[in-house]
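What follows is a set of notes on a single structure, which appears directly below.
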Amino acid sequence: MSQSMIAKNQRAEMTILISAQATPQERNAADELLYYLERMTGACFSIETHACPDDPAQPVIALGQAAAALEFELPDDLGDDGFIIRTMAPHLVIFGGIRGILYGVYELLEQFGCRFFTPLCEKVPNCLSLALPQLDIRQVPVLEYRYHNYKDFTNYPMFSVKSRINGPVPIPEDWGGHLSYAWFVHTFEPYILNPADFFDDHPEYFSMVDGKRLSERPQLCLTNPDVLRITIEKVGQALTAHPEHRLISVSQNDWDNHCTCPDCARIDAEEKSSAGSLIRFVNAVAEAIEPDFPDVIIDTLAYQYSRPAPTITRPRHNVCVRLCSIESCFTHPFETCDDTSREVKRPDGSTSKFITDLQDWSRISDRLYIWDYTTCFAHYPMPFPNWNVLKPNMQAFVKNNVKGVFEQACGAGGGSTDLNELRAYLLSKLLWDAECDYEAHMIDFLNYYYGAAGPAVRAYIRALTDAVESRNIHVGFNDPCDQPYLTPDDLNRYDALLDQAANQVRQDPIRLTRVEKIRLSIRWVRIKNRAMLENRRDPAEINAFFEDWKAHGLTRIDEWVSEKKTHKALMRDVWRGTDFLENWWEDGPEIR
Ligand SMILES: [Zn+2]
Ligand SMILES: [Zn+2]
């Protein structure tokens with residue numbers, strides 16, 4: 001029996017079949033499959049809505065509902081994102097949910113050796129003949145919500161689809177759509193009750209701290225019945241105005257000052273957690289909203305003071321808790337880091353570890369999401385040696401029944417350095433499958449994106465992780481650059497490895513540019529530490545850094561301020577541009 005072929009000597013041997021009633025997602029999936037098969041083989045493929053009338057045995061790649069024509073039993077347990085790829089020789093079937101049908105096509109292309117590394121770097125093999133492989137693949141992701149906020153994914157929504165990211169990036173419905181929040185985070189003040197409008201008449205709406213109601217940087221008093229009534233009204237209004245959203249966040253502002261009025265404090269003491277009054281409040285909102293919005297999930301944060309789980313109340317079935325790892329060390333897995341200074345206090349003064357909080361929330365939640373951190377937000381270029389924790393931490397989330405993960409990343413409008421193209425790729429792979437072959441994906445990326453420099457770049461990454469692991473250095477989300485893994489000796493070692501990398505690609509200008517982009521991290525740490533620790537500032541060197549920074553299209557260096565303010569801070573004895581501001585958020589969103 002001869003081997004079935006998809007293409008033979010630059011001629012198509014199979015037809016792409018879709019149903020006459022194909023969904024827009026199935027049509028787009030067929031177009032994508034056709035485009036890449038043609039790119040690979042140079043053959044011309046066609047998309048048909050009926051099997052060839054002259055030759056019903058003509059082999060087809062049947063997408064979505066068209067698979068019914070091949071006596072493929074259409075499954076109903078794949079959800080929106082799952083898919084099946086099955087060879088039914090001489091045919092092939094790809095079937096999936098609203099996003100799964102697209103993911104199935106990209107999976108098939110990856111089986112053929114295609115790689116979607118970045119929006120501007122795809123690997124597509126050339127092969128004039130392509131055999132039909134024997135495939136029986138079924139993938140349904142554990143995580144229903146998969147998101148990181150690198151700007152590439154917002155700027156190129158099609159790349160998000162290829163990366164199987166389905167969080168709040170603007171993916172059109174025809175391309176599978178995405179899960180979005182009506183209100184995303186820290187919503188008490190901006191969306192529910194602003195003290196500027198309400199404090200004078202109703203100080204009792206706001207949190208009591210040290211016996212006083214706060215007008216500046218308050219939380220809400222969550223046992224006040226009017227606060228509950230107003231919150232329910234506003235949530236209802238927001239959902240009525242935006243029925244497309246599945247999630248809405250009713251969550252604390254981004255500071256502490258939680259209410260310690262007698263009623264709130266009594267509940268939090270009973271619950272052994274300041275999440276006690278919060279979850280009872282959010283449950284009440286969720287219960288009131290449910291009859292009118294049965295498909296909507298009310299989100300809240302377990303963040304800082306509310307991180308430990310309550311001991312009595314469980315989140316309702318239509319409540320989602322997003323547990324935040326902000327205090328954690330990101331150089332050791334959550335399960336093994338021994339830094340006890342990162343524990344969070346309960347109302348009785350005892351403390352708990354992040355991993356304990358994760359396990360506690362997991363036990364009481366139907367739907368638990370995570371907000372995790374993957375860069376240094378004070379100094380985006382600083383090498384962030386979290387390469388060996390991304391996988392074990394994702395495994396810990398999945399093991400503890402987490403259903404959604406947001407990996408907060410460098411969200412600068414101009415993109416980022418510190419190998420974040422690779423980090424984004426690996427995070428996408430882990431969000432889809434926490435058990436994926438992480439090292440193989442890393443090598444795959446490095447050897448194409450950096451070409452011949454790949455092994456030296458791998459050695460640079462290993463030098464960073466070896467340094468923090470062998471010296472047990474803990475690194476947080478917001479640390480300055482004078483870290484013990486960034487001493488002058490360390491920087492010389494890292495530079496030498498990047499020299500080796502650069503030497504491998506001297507004749508390959510695109511890849512050489514990518515290597516030099518990595519080096520911006522080392523250059524940044526050198527000039528920052530010289531300025532801050534040795535009071536040495538060479539304007540020529542500093543200006544050259546900023547010139548190259550911009551030449552790579554990069555913008556912000558710090559999550560919260562413009563690169564101008566960062567530049568100014570560098571010229572003075574100031575660690576961060578935010579130090580010029582009274583409140584760190586005052587510069588507002590990036591304007592380019
Ligand atoms: Zn209160
Ligand atoms: Zn640690």
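The values are calculated or read from the model by the stated rules, or taken from the named source; none is laboratory data. Given the structure is predicted, the values throughout are model-derived calculations rather than measurements. Here Cβ is always computed from backbone atoms with ideal geometry, including for glycine, and neighbour counts include all displayed protein chains. Note: accessible area is taken over every heavy atom of the protein model, side chains too, but ligands, DNA and RNA are not part of it. Shrake-Rupley method; radii C 1.70, N 1.55, O 1.52, S 1.80 Å.
Some observations on this one:
- Per residue solvent-accessible surface (Å²) - segment 5-140, probe of 1.4 Å: 43
- Pairwise label distance in nanometres, Ala196 with Asp499, each label 7 Å out on the Cα-Cβ vector: 5.5
- Whichever lysines have a C-alpha closer than 26 Å to that of Lys212, once near sequence neighbours (fewer than 8 apart) are set aside: Lys272, Lys345
- Qualifying GluC sites (Glu not before Pro) for segment 405-452 [loop in DSSP, other Cβ within 10 Å: at most 15]: Glu435
- Using the average count of surrounding beta-carbon atoms within 10 Å as a protection proxy, the listed peptides 553-560, 231-238 rank, highest first, as 553-560, 231-238.
- Cα-based reach from Lys565 at 29 Å (exclusive), listing lysines while leaving out same-chain residues under 8 positions away: Lys151, Lys517, Lys528, Lys550
- Three-way shape call for the chain based on the alpha-carbon gyration tensor, with the a/c threshold at 1.5: oblate
- Residue pairs exceeding 23 angstrom between C-alpha atoms, taken from Lys162/Lys391; Lys8/Lys123; Lys123/Lys399: Lys123/Lys399.
- In this structure the amide hydrogen of Ala131, modeled in the peptide plane, comes within under 5 Å of the amide hydrogens of Ile6, none closer than 5 places in sequence on its chain.
- In nm, spacing of pseudo-spin labels at Phe580 and Asp538 (7 Å Cα→C-beta vector): 2.5
- Computed accessible area, Glu13, all protein chains, 1.4 angstrom probe, square angstrom: 50
- Contour excess over end-to-end distance, with Cα ends at Cys44 and Glu204 and 0.36 nm allotted per residue: 50.5 nm
- Computed over protein heavy atoms with a 1.4 Å probe, the carbon and sulfur contribution to the accessible area of the chain reaches 49%.
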